[in-house]
Amino acid sequence: MIEIRWHARGGQGGFTAARLLGLAASVFCNHYAQAFPSFGPERRGAPVLGFTRIDDKPITDHSQVYRCDCVVVLDETLMETVDVTKGLTDGGTILINSRLSPDRFHFPENFKVITLDATNIAMQELGAPISNTVMLGAFAAVHDFIDIDSILKAVDKGMPENLRSKNKKAIAHAYDAVRGRN
Amino acid sequence: MDFLNGDEAVAYGAKLCRPHVIPVYPITPQTIVVERIADFVANKLMDCEYIHVESEHSAMCAAMGASLVGARAFTATSSQGLAYMHEMLHYVSGSRFPIVMMNANRTLAAPWNIFGDQRDSLSQRDTGWIQVYVENGQEALDMIIQAYAIAEDDRVYTPVMVNLDGFVNTHTYELVDIPEQHEVDQFLPPLRSKNAIDFNHPRSFCISAATEWNMEFRYQQYEAMENAKQVIVEVDKRFGDKFGRYYHGLVEEYRCEDAEVVLVALGSAIGTSRIVVDKLREQGLKVGLVKLRFYRPFPAEYFKALSKRVKAVGVIDRDLSFGYEGAVASDIKSALNSAGSPPKVINFIAGIAGRDITKENIEGMYHKLFNLSQGKFEKELQFTGLRW
Amino acid sequence: MAKPQIVKFKFPESLKEMPLGPSAEAGILTEPNAGWRVQRPVLDHSKCSRCLMCWVLCPEGVIDKQNEKLEIDMNYCKGCGLCAHECPKDAITMVNEGE
């Protein structure tokens, strides 16, 4: 089972990304998945969490996610007040929306850190600094068990019609950007 | 297949049952149910009377009025809302109306809190409603459909409450298969109520009953609940035969065949416990899990029989009847004790107001049960996960 | 009127320290609440005429007129920009956070 934790601020669509990933993995990739937000009142700007569990057998666990294999950070300013590595397994991945390169963050060496200027891609493709779907594309680029087509199908099924086409472009843009490296 | 949260699954379940009247009042964490149904109605995907009532008490009154004219009624609530409609719960069950209501399990103030435990519905135990507790979104959808089949059975005519754990079920997205409408129509035909106004045979309804007559009405309710035990099993089989998913009636056992100790729980905690059972079994420990699905009617016969099979029983109560113990534990102990030499019981008070029941908590519970079965001392009632 | 200052809330450390019934000491602010602010107001005192329009209009009541120079409490200002919009002397400018 893979457990992913999404860090965002209320209103940035962190949970939407967690949900779309779960939708892609389950309905379109033949895995089982579960997605839920950190439960509680959400104020715009307050730190919120999203969780996705993905497995090849039915997921019956209904307790909270304490350990995760991958952390996605949609807003790098969160890292000033939140320890995003808490519960991250040894060798786990950290995906950060940032212009800075990974080594600028000084994470312990046992984590794989990947950065992407998702805000920039979002501005190009969506005209707004909403980086959630861009980071979803980056996630797919980094993990083999989820393919880009499933993510795009998830957008068609899980997002309102007027948002689909530009979000799919944003996802593809991010995917190619990350895949195209090395 | 779709990826839905528990509230959405309930909304689809309700939609498939073609209710005529839905009077509702929103309350976290049930709000998504009523919002989705409102969307269905607005988009003409559901043909029903959606009534924005001013309170939950009114919601149940309106549902009762609807049922009185033979309409299929649905509503949903949680916590304070359930408490608000308390007297109407008695009215509906005593009047024998087959209403189905979804309840999102959330704690009751004070202290005020929006998160999940089962204090709200368990404290309504005696209101004469059938109560089922689901483990996940799929079961939630399926049980809404089954609830009508049970409630509207001639031998039952008792309202049914379908319980989901607040947030953990209601707001968690999982894979859910939404059955086809025509298949549900075949499974659940339109309501032809035998307890409704009929201009050809005028009757008075919801009348008073004097002391000389009242107790006989209560006996009828008692009989209907006894009948329900059989009907629940029949409906489960019929549902499974048609849709391919069986839930095993009042109680589901998980790896209990040769178990020495078992845990009993209701709702989502069962899902988490399955993982712990598998882990401990791999270590050679003979543990089992009992999913108590229906709290009323209570499967007393099952627990009496279980009494002979295991050495210790743990009961997880997401509630506490102050002045005594967990309500579920009380009922289970009473049933276990009706056999000779019953197993010892530990009542675990856990998962209050959304406090997580972790896999570690559950593993700890099993180890305490082994202590008990080996003659070591364990307190009969233990709070799990308390700060100090 | 003196504004409450931020006071770190002392959580109970044992059952004995829990209050009787869910209650807590009143009149304290326990946390700053400005995390979602995208822009902040900057007041140019040389332009300010102390007309107090901003003080009247601020929906959060974060403008302090106790001292000669008006002060804005950045722990609670949410950056709505009403003060800048209404100031008759254009003494307040909204500036992006982080600049």
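All of the numbers you see were taken from the coordinates with simple rules; none came from a lab. Since this is a predicted model, take the numbers as computed values, not measurements. Note that each Cβ is placed from the backbone with ideal geometry, even for glycine, and that neighbours are counted across all protein chains shown.
So what is the calculated 222 nm ellipticity per residue for chain C, using -39500 (n - 2.57) for each DSSP H run with n of 4 or more, over all residues, to the nearest 500 deg cm²/dmol?
Numbers: 2 runs with 10 residues, N = 99.
That comes out to -2000 deg cm²/dmol.
Taking chain C as a Gaussian network, where each spring joins two C-alpha atoms under 10 Å apart, which residue of C:E86, C:E31, C:E68 fluctuates the most?
The residue with the greatest mean-square fluctuation here is C:E68.
Number of Lys pairs in chain C with C-alpha atoms less than 18 angstrom apart, excluding same-chain neighbours closer than eight positions? Present the calculation step by step, with values, prior to reporting the outcome.
Working: C:K3/C:K65; C:K3/C:K69; C:K3/C:K78; C:K47/C:K65; C:K47/C:K69; C:K47/C:K89; C:K65/C:K89; C:K69/C:K89.
Final tally of qualifying lysine pairs is 8.
With a cut-off of 15 Å, note down the residues of region B:140-170 whose backbone N falls inside the zone around a label point 7 Å from the Cα of B:A209 toward its beta carbon.
Residues B:156-159 fall inside that zone.
Excluding the sites themselves, what is the longest stretch of chain B that contains no GluC sites (Glu not before Pro) in a DSSP loop with at most 12 other C-beta atoms within 10 Å? Mind dumping the intermediate values first?
Numbers: sites that count: B:E54, B:E180, B:E257, B:E380.
Longest run free of exposed loop sites: B:55-179.
For chain B, modelled as a GNM with alpha-carbon contacts under 10 angstrom, which of B:I37, B:I51, B:I27 fluctuates the most?
The residue that fluctuates most here is B:I51.
Neighbouring Cβ atoms within 10 Å as the yardstick, rank A:R179, B:R387 fewest first. Each step should come with its number before you reach the end.
Details: A:R179 14, B:R387 11.
Going from sparsest to densest Cβ surroundings: B:R387, A:R179.
Are there any chymotrypsin sites (Phe, Trp or Tyr not before Pro) in region C:15-99 that are in a DSSP loop and have at most 16 other Cβ atoms within 10 Å? List them by number.
Loop-located and lightly packed - C:W36.
Suppose only helical runs count, i.e. DSSP H with n ≥ 4. What mean residue ellipticity at 222 nm does that imply for chain A under -39500 (n - 2.57) per run, divided by all residues and rounded to the nearest 500 deg cm²/dmol?
Details: 5 runs with 60 residues, N = 182.
Result for chain A, helices only: -10000 deg cm²/dmol.
Counting other beta carbons within 10 Å of each Cβ, put B:V251, A:V71 in order, fewest first.
On the way: B:V251 17, A:V71 22.
Arranged by neighbour count, lowest to highest, B:V251, A:V71 become B:V251, A:V71.
Would you give the gap between the C-alpha center of region B:90-114 and the C-alpha center of region A:1-63, rounded to a whole Å?
The distance from the Cα centre of region B:90-114 to that of region A:1-63 comes to 30 Å.
May I ask you to list the chymotrypsin sites (Phe, Trp or Tyr not before Pro) in region B:257-336 that are in a DSSP loop and have at most 11 other Cβ atoms within 10 Å of their Cβ?
Values: sites: B:F294, B:Y295, B:Y302, B:F303, B:F322, B:Y324; in loops: B:F322, B:Y324.
Hits after loop and neighbour filter: B:F322, B:Y324.
Dividing the convex hull volume of the alpha carbon atoms of region B:2-243 by its residue count, what do you get in Å³ per residue? Please report the intermediate quantities before stating the final value.
Working: hull volume 29.8 nm³, N = 242.
Spread over its residues, the Cα hull of region B:2-243 gives 123 Å³ apiece.
Quick check: Cα centre of region A:89-161 to Cα centre of region B:220-282, how many Å?
Rounded to whole Å, the Cα centres lie 42 Å apart.
What average count of beta carbons from other chains do you get within 10 Å of the Cβ of residues in B:106-119? Could the numbers behind the result be given before it?
Values: counts 0, 0, 0, 1, 3, 3, 1, 1, 3, 2, 1, 0, 0, 0.
Rounded to a whole number, the mean comes out at 1.
Along Cα→Cβ, 7 Å out, is where each label goes; now give me the distance between the ones at A:K57 and B:R281 in nm to one decimal.
0.9 nm
Per residue of region B:226-235, what does 6.51 cos²θ - 1.76 cosθ + 1.60 with θ = phi - 60° give for ³J(HN,Hα)? Whole Hz please, x for Gly and Pro, Karplus curve as stated.
5, 4, 4, 4, 6, 4, 4, 5, 5, 5
Can you work out the Karplus-derived ³J(HN,Hα) for every residue in region A:128-145? Use 6.51 cos²θ - 1.76 cosθ + 1.60 with θ = phi - 60°, whole Hz, and x for glycine or proline.
8, x, 9, 9, 5, 6, 4, 5, 5, x, 5, 4, 4, 5, 8, 10, 6, 6
Antiparallel DSSP bridges in chain B: what percent, to the nearest 5?
Values: 10 of 48 bridges.
Restricted to chain B, the bridges split so that about 20 percent are antiparallel.
For peptide B:270-276, what's the mean number of Cβ atoms from other chains within 10 Å of each residue's Cβ?
Per residue, the number of nearby Cβ atoms from other chains is 4 on average.
Show me, for region A:24-34, the HN-Hα J-couplings you get by feeding each phi into the Karplus relation (A = 6.51, B = -1.76, C = 1.60, θ = phi - 60°), rounded to Hz, glycine and proline as x.
Each residue of region A:24-34 in turn: 4, 5, 8, 6, 10, 10, 6, 9, 10, 8, 9 Hz.
List the residues, sorted by chain then number, that are 5 or more residues from B:V345 or on another chain and whose placed amide H is less than 5 Å from its amide H.
For B:V345, the qualifying residues are B:V313.
Determine the shape class of region A:2-179: with a ≥ b ≥ c the square roots of the Cα gyration tensor eigenvalues, call it rounded for a/c under 1.5, and otherwise prolate if a/b is greater than b/c, oblate otherwise. Before the final figure, lay out the partial values.
Details: a/c = 1.28, a/b = 1.04, b/c = 1.23.
Rounded, since a/c falls under 1.5.
Report, ordered by chain and residue number, the aspartates and glutamates lying within cross-link reach of A:K166, taken as a straight Cα distance under 12 Å and ignoring same-chain residues fewer than 8 apart.
The reachable aspartates and glutamates, counting only those whose Cα sits under 12 Å from A:K166, are A:E125, A:D156.
Can you give me the C-alpha center-to-center distance between region B:315-331 and region C:41-99, rounded to a whole angstrom?
56 Å
Looking at chain A, which longest stretch skips every one of the chymotrypsin sites (Phe, Trp or Tyr not before Pro) that is in a DSSP loop with at most 16 other Cβ atoms within 10 Å, leaving the sites themselves out? Mind showing how you got there, number by number?
On the way: sites that count: A:Y66, A:F145.
The answer is A:67-144.
Projecting each Cα onto the charge dipole of the protein assembly as shown (Lys/Arg +1, Asp/Glu -1 at the beta carbon, about the Cα centre), which of B:G354, A:I148, B:G244 comes out farthest on the positive side?
B:G354
How large is the dipole of region B:2-243 about the Cα centre if only Lys and Arg carry +1 and Asp and Glu carry -1, each at its Cβ, rounded to the nearest 20 debye?
On the way: 18 positive and 33 negative charges, 113 e Å.
Here region B:2-243 has a charge dipole of around 540 debye.
Dipole of the protein assembly as shown, Cα-centred, from +1 at each Lys and Arg C-beta and -1 at each Asp and Glu C-beta, to the nearest 20 debye?
The calculation lands at about 540 debye.
Amide H of B:Q131 versus every other amide H placed in the peptide plane: which residues, excluding those fewer than 5 positions away on the same chain, fall under 5 Å?
When sequence neighbours closer than 5 places are left aside, the close amide H contacts are B:M161, B:Y295, B:R296.
Could you work out, residue by residue across B:243-256, how many beta carbons of other chains sit within 10 Å of that residue's beta carbon, and then give the average as an integer? Write out the running numbers ahead of the final one.
Details: counts 0, 0, 0, 0, 0, 0, 0, 0, 0, 0, 0, 1, 0, 0.
Counting other chains' Cβ atoms within 10 Å and averaging over B:243-256 gives 0.
Rounded to the nearest 500, what is chain B's calculated 222 nm mean residue ellipticity when only DSSP H runs of at least 4 contribute -39500 (n - 2.57) each, over all residues?
On the way: 13 runs with 158 residues, N = 388.
Rounded to the nearest 500, the figure is -12500 deg cm²/dmol.
Which far-off residues, 5 or more places away or on another chain, put their amide H under 5 Å from the one on B:N105, with H placed in the peptide plane?
Amide H neighbours of B:N105: B:L164, B:D165, B:G166.
Which pairs break 23 Å Cα to Cα here: A:K57/B:K368; B:K237/B:K311; B:K291/B:K344; B:K311/B:K376; B:K286/B:K333; A:K86/B:K286?
Values: A:K57/B:K368 30 Å; B:K237/B:K311 31 Å; B:K291/B:K344 19 Å; B:K311/B:K376 13 Å; B:K286/B:K333 21 Å; A:K86/B:K286 34 Å.
Correct reply: A:K57/B:K368; B:K237/B:K311; A:K86/B:K286.
In percent, what relative contact order does chain B have, based on Cα pairs under 8 Å that are 6 or more apart in sequence?
Numbers: 812 pairs, mean separation 62.5, N = 388.
That works out to 16 percent.
Determine the shape class of region B:251-383: with a ≥ b ≥ c the square roots of the Cα gyration tensor eigenvalues, call it rounded for a/c under 1.5, and otherwise prolate if a/b is greater than b/c, oblate otherwise. Intermediate results must be reported in sequence, preceding the final value.
Working: a/c = 1.25, a/b = 1.04, b/c = 1.20.
Rounded, since a/c falls under 1.5.
Between A:T93, A:T60, A:T16, find the one with the highest GNM mean-square fluctuation for chain A; connect C-alpha pairs within less than 10 Å.
Between A:T93, A:T60, A:T16, it is A:T60 that shows the largest mean-square fluctuation.
In percent, how large is the relative contact order of region C:49-97, given Cα pairs closer than 8 Å and 6 or more residues apart? Don't skip to the end; give the middle numbers.
Details: 46 pairs, mean separation 16.2, N = 49.
Reported relative contact order: 33 percent.
Out of all DSSP beta bridges in the protein assembly as shown, what portion is antiparallel? Express it as a percent rounded to 5.
In the protein assembly as shown, DSSP labels about 40 percent of beta bridges as antiparallel.
Starting from region B:34-129, pick out the chymotrypsin sites (Phe, Trp or Tyr not before Pro) whose DSSP state is loop and whose Cβ has at most 16 other Cβ atoms within 10 Å. The partial results should precede the final answer.
On the way: sites: B:F40, B:Y50, B:F74, B:Y84, B:Y91, B:W112, B:F115, B:W129; in loops: B:W112, B:F115, B:W129.
Taking region B:34-129 and a limit of 16 other Cβ atoms within 10 Å, the loop chymotrypsin sites (Phe, Trp or Tyr not before Pro) found are B:W112.
Using Cβ counts within 10 Å as a stand-in for footprinting exposure, how do B:L122, A:L23 rank, fewest first? Kindly include the intermediate steps, with their values, before the conclusion.
Details: B:L122 24, A:L23 27.
The order, fewest Cβ neighbours first, is B:L122, A:L23.
At a threshold of 8 angstrom on Cα-Cα distance, excluding pairs fewer than six apart, so keeping six or more, what relative contact order does chain A reach in percent?
Details: 359 pairs, mean separation 39.2, N = 182.
This gives 22 percent for chain A.
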